[in-house]
Amino acid sequence: MSGRRPDPLLRESPPGPRTRFPAPAALFGAPAILPPRHGSSGDSAFLSIVLEEFDRNAFEIALLPHVALACKRALACTCYALRERLTPHLRAATLSVLRDDAVWSNALFVARLPGLSDLRVEGETSLPSMDLARYRRLEALKVGALSTPAALFFGAAIAASNARLRLSDGNAIRNIAALRSSPSPDKAEPNASDADRAALLGALASNQHEIFSALDALSYASGALGHDREVVRAAVREDGTALEYASSELRADKSIVMDAVRTGATGAWPGAWLGLASEALRGDSEVVLAAGTRYVARALSYATDAVKEDRAVVLVAVRMDGMALRYAAGSIKGDREVVLEAVRQSGQALQYATGSLRADRAVAFEAVRQDGDALRWAGAVIKADKDVALAAVRKEGRTLEFVAEALQADREVVLAAVDQAQARAQATFRSTLALIASAGATGTVLSASATLRAHLRQVLLYARDRLFEDDAFVLAAHEHAKAIWTTPANDLQDMRERLRLLKELV
């Protein structure tokens with residue numbers, strides 16, 4: 001990662017109204033969920049392959065059209081190498097978005113693109129290409145037959161204009177400047193369509209009053225909707241986080257909250273619904289555990305202390321998601337049985353165990369068997385245990401980084417890591433080719449040798465220099481790596497120098 005400051009345009013959007021409509025469903029979904037380990041060493045091999053092997057045209061044609069806008073923005077913020085490719089794409093005069101990109105944070109982003117002149121929304125037939133430079137100059141605009149996703153982006157794109165906006169019924173007219181300047185703009189008409197509400201909500205993108213951080217379609221459309229049981233129930237069944245806009249009475253209604261729990265959340269903060277429920281329901285173990293495998297960890301984070309201290313509840317939770325151990329009470333994190341169940345489900349849960357259990361050989365062994373990378377959280381004595389180290393590198397070769405220094409010079413351990421890296425490279429190569437094929441790209445833009453090189457680099461980086469003087473190690477390691485080079489090695493010394501060069505290139 002680079003130490004440079006992110007482009008201000010690519011930073012996370014400031015507080016603003018979040019779009020949560022009871023319908024259509026397209027406005028509920030998060031456009032993309034990044035891998036949990038995004039930005040860690042676990043993703044560097046894939047990123048290096050993308051950067052090394054995709055030429056610019058293939059990158060832009062085969063991958064970018066299929067990547068959600070939020071994902072592109074996140075990668076541009078967190079990975080300097082990708083930022084160099086993504087920033088020109090995101091700041092180009094023409095921007096194409098997917099229908100599922102129609103969420104409030106993306107609308108804010110579009111509103112802050114001064115150079116954007118042509119916006120295209122996937123599947124939009126009424127206005128397939130929006131000439132924004134022209135629209136921003138006009139004094140009168142209309143929603144017309146725009147789809148709801150297109151209307152959200154349309155409203156955001158014209159948020160800085162002084163135009164009058166005619167709604168889809170052809171009669172109601174709203175002043176964009178008034179929406180921008182008023183701390184309390186008029187609500188949408190009761191008979192306004194979803195597209196009207198989306199356009200008006202999008203037009204609030206330039207409103208600087210922080211009051212709008214608590215607004216949503218439920219409240220913006222009608223102040224009474226948050227008290228309407230059936231409207232709220234329909235909304236939370238689409239997205240649990242819509243509970244935020246329900247009345248305090250409905251937040252204490254177990255049937256409403258359970259509907260939210262079972263739905264979970266498709267937005268950026270899964271499980272946040274429980275933090276909005278009444279204290280009594282946050283202390284109800286049935287409600288907490290109803291979140292299921294995907295959301296139980298976040299749900300436990302919002303539970304009352306009594307639930308977090310309940311061993312039986314936590315034990316059930318970690319069996320669904322080991323990472324729920326993070327939110328358990330301190331005393332539970334030192335319970336060997338609970339921790340063992342947690343690391344069997346997710347090796348990374350080892351980081352939340354007490355120090356004594358992170359130094360427990362049996363616990364650490366279970367953790368690295370599930371996820372070799374979990375070795376990073378083990379105690380120093382465990383990292384020096386050869387059997388544990390072997391189990392870890394056989395699961396994830398890059399874990400060689402975390403074994404004790406003496407084992408980084410152990411032939412058996414390092415060769416086990418090299419062997420796993422070769423196997424992972426082959427799997428990565430096949431899956432990446434499948435990705436390219438599914439994107440409809442033609443031609444070969446990826447080579448097996450480059451994939452292998454990227455994976456072996458990350459292992460050899462942590463192999464101790466003295467190991468390269470071991471002839472048996474050099475012969476075995478070169479056998480794994482020989483596909484990288486186009487010409488065969490001349491002799492043992494040539495093999496040695498090639499491996500050292502591969503290490504130094506990291």
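Considering only residues of the stretch 307-331 that are hydrophobic (A, V, I, L, M, F, W, C) and surrounded by fewer than 24 Cβ atoms within 10 Å (Cβ to Cβ), which is nearest to Arg376 (Cα to Cα)?
Met323
What are the residues in the stretch 164-183 that are touching a Ser or Thr at 6+ places or on another chain (Cβ under 9 Å) and closer than 11 Å to Lys142 by Cβ, if any?
Scanning the stretch 164-183 gives Leu167, Ser168, Asp169.
Filter the stretch 283-297 down to residues that are assigned to a helix (DSSP H, G or I) and touching a helix residue (DSSP H, G or I) at 6+ places or on another chain (Cβ under 7 Å) and give me whichever is farthest from Thr241 (Cα to Cα).
The extreme case among them is Ser285.
Out of all the residues in the stretch 394-414, is one or more in contact (Cβ under 8 Å) with a residue 60 or more places away in the chain and aliphatic (A, V, I, L, M)?
Scanning the stretch 394-414, I find at least one residue that is in contact (Cβ under 8 Å) with a residue 60 or more places away in the chain and aliphatic (A, V, I, L, M), so the answer is yes.
Being among the hydrophobic types (A, V, I, L, M, F, W, C) and either assigned to a loop (DSSP other than H, G, I, E, B) or at positive phi (or both) is the filter here; which residues of the stretch 84-125 pass it?
Answer for the stretch 84-125, where residues must be among the hydrophobic types (A, V, I, L, M, F, W, C) and either assigned to a loop (DSSP other than H, G, I, E, B) or at positive phi (or both): Ala92, Ala93, Leu98, Ala102, Val103, Leu113, Leu116.
Evaluate the following for Val343: is it out of contact with any His (no Cβ under 9 Å at 6 or more places or on another chain), open to solvent by less than 40 Å² (accessible area, probe 1.4 Å) and part of a helix (DSSP H, G or I)?
So Val343 fits the description; yes.
Do you know which residues across the stretch 320-338 are part of a helix (DSSP H, G or I) and in contact with an Asp or Glu (Cβ under 8 Å, 6 or more places away or on another chain)?
Gly322, Ile332, Arg336
Restricting to the stretch 445-489, and then to whatever is over 18 Å from Gln426 (Cα atoms), among the small types (Gly, Ala, Ser) and not in a helix (DSSP H, G or I), can you tell me which residue is modelled with the lowest pLDDT?
Among them, the one singled out is Ala489.
Condition first: touching a residue at least 12 places away in the same chain (Cβ under 8 Å), over 25 Å from the mean Cα position of the chain (by Cα) and open to solvent by 30 Å² or more (accessible area, probe 1.4 Å). Now tell me which residues in the stretch 415-434 satisfy that.
Selection gives Leu415, Asp419, Gln422, Gln426.
Given the conditions (1) surrounded by fewer than 24 Cβ atoms within 10 Å (Cβ to Cβ); (2) in contact with a helix residue (DSSP H, G or I) (Cβ under 7 Å, 6 or more places away or on another chain), and given that Ala380 satisfies all but one, which numbered condition is not satisfied?
Only one criterion is unmet by Ala380, namely (2).
How many of the residues in the stretch 490-506 are open to solvent by 80 Å² or more (accessible area, probe 1.4 Å) and outside any loop (DSSP other than H, G, I, E, B)?
The number of residues fulfilling the criteria is 4.
Identify the single condition in (1) at pLDDT below 70; (2) open to solvent by less than 10 Å² (accessible area, probe 1.4 Å); (3) among the small types (Gly, Ala, Ser); (4) within 18 Å of the chain's Cα centre (by Cα) that Ser44 does not satisfy, given that it satisfies every other one.
(2)
Looking at the stretch 457-486 only, could you name the residues that are β-branched (Val, Ile, Thr) and either open to solvent by 60 Å² or more (accessible area, probe 1.4 Å) or within 36 Å of the chain's Cα centre (by Cα) (or both)?
Listed by number, the residues that qualify are Val459, Ile484, Thr486.
Please go through the stretch 162-180 and pick out each residue that is open to solvent by less than 70 Å² (accessible area, probe 1.4 Å), part of a loop (DSSP other than H, G, I, E, B) and modelled with pLDDT under 85.
Leu167, Ser168, Gly170, Ala172
Of the residues Arg251, Arg233, which single one is at pLDDT 75 or above, among the basic types (Lys, Arg) and open to solvent by 50 Å² or more (accessible area, probe 1.4 Å)?
After ruling out the rest, the residue left standing is Arg251.
Does any residue in the stretch 245-269 that is among the hydroxyl-bearing types (Ser, Thr, Tyr) come within less than 8 Å, Cβ to Cβ, of a residue that is at pLDDT 70 or above and open to solvent by 50 Å² or more (accessible area, probe 1.4 Å) six or more places away or on a different chain, and which pairs are these?
Partner pairs satisfying both residue conditions: Thr263/Arg237.
Find all pairs meeting these conditions: Cβ atoms under 8 angstrom apart; at least six residues apart or on different chains; first residue within the stretch 316-338 and closer than 16 Å to Val296 by Cβ; second residue surrounded by 19 or more Cβ atoms within 10 Å (Cβ to Cβ) and aromatic (Phe, Trp, Tyr).
Qualifying pairs under 8 Å: Met323/Tyr352; Leu325/Tyr352; Arg326/Tyr352; Ala328/Tyr352.
Just give me the residues in the stretch 181-193 being surrounded by fewer than 20 Cβ atoms within 10 Å (Cβ to Cβ) and either of a type outside the set (D, E, K, R) or at pLDDT 75 or above (or both), in sequence order.
Residues satisfying the conditions are Ser181, Ser182, Pro183, Ser184, Pro190, Asn191, Ser193.
Given the residues Ala150, Ala133, Ala159, which is the only one that is crowded, with 18+ Cβ neighbours inside 10 Å and assigned to a helix (DSSP H, G or I)?
From the options Ala150, Ala133, Ala159, the qualifying one is Ala150.
Could you identify the single residue in Thr293, Thr304 that is open to solvent by 10 Å² or more (accessible area, probe 1.4 Å), within 21 Å of Asp371 (Cβ to Cβ) and polar (S, T, N, Q)?
When all the criteria are applied, what remains is Thr293.
The values are calculated or read from the model by the stated rules, or taken from the named source; none is laboratory data. From a predicted model like this one, the values you see are computed outputs, not experimental measurements. Positions of Cβ are backbone-derived with ideal geometry, glycine not excepted, and every protein chain shown enters the neighbour counts. Areas reflect the complete protein model, heavy atoms only, side chains present, ligands, DNA and RNA absent. Shrake-Rupley method; radii C 1.70, N 1.55, O 1.52, S 1.80 Å.
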